[in-house]
Amino acid sequence: MFFQAFCQFCAAYYIHYLNRFKQTNSILIMKHISLFQLASKQLAFKLVPFILVILTSCSPAQEYDLIFRNGTIVDGTGKAAYIGDVALNGDTIMAVGKLTRAVGAEEVDITGLVIAPGFINIHSHAETDALPTAVNMLSQGVTTEIMNADGRSPLDLTLQMHQLDSGGLALNVGGCIGFNSVWQASVGLNDLRPTEAQIQEMQEMIRQGLEAGAWGVSAGLDYVPGRYAKTAEVIEVLNPFADWKVVFANHDRLTPESHYSSIAGMTETIDIGTASGLIPLITHMKVQGWEQGKVDTILQRMTAAKTDFEGGAVADVYPYLAGMTSLASLIIPSWAQEGGYETMVARFKDPALRARIILEAEEAMTLRFGGYEGIFLLDSQRELSDAMEAYGIESPGEAVIRLLEEKNQAIIARFGIESDLIAIMQHPTASIACDCGASLRDRLHPRSWGSFPKVLGEYVREKKALTLENAIYKMSGLPAKTIGMTDRGTLAPGMVADMVVFDPNTVIDKATYEKPTLMSEGIIHTLVNGVFAWRDGTATGEKAGKTLVRPIPAK
């Protein structure tokens, strides 16, 4: 009873003290302290901290909706991890630190686990029908996907986001405006030079996309019809948008003229970005084929680039040494793809054209992938060499044509070496992304189920190529900074409560090229806008995701 009365007195006096603080001086403070019948001014000064502790302990505990207790906090900034608590109200992070006086309506003990910002996948190929569940992404800790990669997008982003939102979303999504789609809508599928009117038309389409909230302009200059756009034409289309401070995210263009040099292709991306005033983003960055081992050349060019992003040009990278694409896209020469799939197949029937296509296709396979041995047919789950044997032929180019005459199909294409991959991941402006997205398919690249846990398990814990703090930064804070997202990507009061909790000792990918849908291990919880979308290693079915649009910059 005495202590309760004393606390009430302390609280009342503390309020009185605060109200009068601006008018007080050191003498007045000592006068009030004397109410506690202190022996001397010297003793009073010694007891002030003790009294303030008592006053604080008497104040009511702060209440929150949810508190994660005793976790290893990796906040997404790259700063050192520390043990503490994270408190939420609704979809907002309210407090981060040692919250001893806080009380949560629900409290979750995460001792021994890491709590971090939800991962932001800035290169997403998410499928619309998979976004209401997105199990393959939530099980990796991904909370936001930026769609419409490699230059393909709807022209009406507002309609796209509305349609996605109306179906319910397990995670957050945003979109880019696609250069290839804009080019096709204006110029078509043939290798033609755009008129001035068409240039202006494409500029207006991109402007509408940015005004609708696009997070950048994506391009796939390695893919038809973007392949037909000259470098100067791409720059001209993009020139009006320097003030938007958005990324130009490009799948680099490898050409026969450069002997399929990936370094030349990535340099073109940098040149387009710097010339147009956009931030050049080398997407799913890799050093391919005959240039393996020369990664320092392009990394130095990235750092030297004059851009609006601190550190130069930017990139995203996934932790695998093989990619996924269609059989035709990067093997059949672009002139043979002109006009679309049916026209391409018709060209195969001309003996002279067929012989030329075979020759050029085999050159592409050699320089890009180290030969046909680097190609795995995803649909039939066999090597290209197995298809050659089945056809009874020795020409890989002829085998590719015969397969395409049956149907266009997906392939896994091996391209790189481990040392290049690690150097790219370690570069200060390279984010981790997966070149994947929410999917319900069972024939795909293992990156769709394993990318982010693979980095945490293999490249942080096992190979120590990245620190835990740096890896988390590259999955959250850096991608947010890259695209201009300001309310997600770090654990701090006021930020949106997109979060992941994982076990640093067990997190690892399990998916393989043969079994690409094996679920990763070690991701315990994934929260989207403050709601458990993945809890105790299982999807909850909650649809708390939102469509995200980039704010229009002030003029």
(message) Given points 7 Å out from each Cα along the Cα-Cβ axis, report the residue 321 to residue 103 separation in nanometres with one decimal.
(response) 5.7 nm
(message) Multiplying the sequence separation of residue 385 and residue 346 by 0.36 nm and subtracting their Cα-Cα distance, what value in nm do you get?
(response) 11.6 nm
(request) For residue 310 paired with residue 158, estimate the spin-label separation in nm (one decimal), with each label point 7 Å from Cα along the Cα-to-Cβ line. (result) 3.6 nm
(message) Run lengths n ≥ 4 of DSSP H only: what is the helix-derived mean residue ellipticity at 222 nm for the chain, with -39500 (n - 2.57) per run over all residues, to the nearest 500?
(response) -10500 deg cm²/dmol
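Give, in nm to one decimal, the length gained when the segment between residue 232 and residue 363 is fully stretched (0.36 nm per residue of separation minus the Cα-Cα distance).
Working: separation 131, 0.36 × 131 = 47.16 nm, distance 2.70 nm.
Extending this stretch completely gives an extra 44.5 nm.
Hey, can you rank 279-289, 89-99, 482-492 by average C-beta count inside 10 Å, highest first? Don't skip to the end; give the middle numbers.
Numbers: 279-289: 27.0, 89-99: 17.0, 482-492: 20.6.
Taking the mean over residues of other Cβ atoms within 10 Å, the ranking is 279-289, 482-492, 89-99.
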(request) Could you tell me which of the pairs 230/407; 79/294; 454/481; 306/481 are separated by over 19 angstrom between their Cα atoms in the structure shown? (result) 230/407; 79/294; 454/481
(message) Can you tell me what share of the DSSP beta bridges in the stretch 54-180 is antiparallel? A percent to the nearest 5 is fine.
(response) 40 percent
(message) Report the gain in length on full extension from residue 518 to residue 65: 0.36 nm times residue separation, minus Cα-Cα distance, nm rounded to one decimal.
(response) 159.7 nm
(request) Treat each spin label as a single point 7 Å out from the Cα along the C-beta direction, and report the residue 211 to residue 538 distance in nm. (result) 4.9 nm
(request) Pick out, from 433, 537, 419, the residue whose Cα sits farthest towards the positive end of the charge dipole of the chain, with +1 on the Cβ of Lys and Arg and -1 on the Cβ of Asp and Glu. (result) 537
(request) Have a look at the DSSP beta bridges in the chain and tell me what percent are antiparallel, nearest 5. (result) 50 percent
(request) Collect residues whose amide H, placed 1.01 Å from N in the peptide plane, falls under 5 Å from the amide H of residue 252; neighbours closer than 5 in sequence don't count. (result) 283
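What translational diffusion coefficient, to the nearest whole µm²/s, does the stretch 465-513 have by Stokes-Einstein, given a Kirkwood radius computed over alpha-carbon pairs, a temperature of 4 °C and 1.567 mPa s viscosity?
Details: Rh = 12.6 Å.
After rounding, the answer is 103 µm²/s.
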(request) Please list, in chain and number order, the residues 5+ apart from residue 325 or on another chain whose amide H is under 5 Å from its amide H, with Hs placed from the backbone. (result) 411, 413
(request) Go through 358-364, 347-353 and give me the packing order, highest mean Cβ count within 10 Å leading. (result) 358-364, 347-353
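No value in this document is a laboratory result; all are computed from the given coordinates. Treat the numbers as computed from the prediction; the structure is a model and nothing was measured. Reconstructed Cβ throughout: ideal geometry from the backbone, glycine too, with neighbour counts over all protein chains shown.
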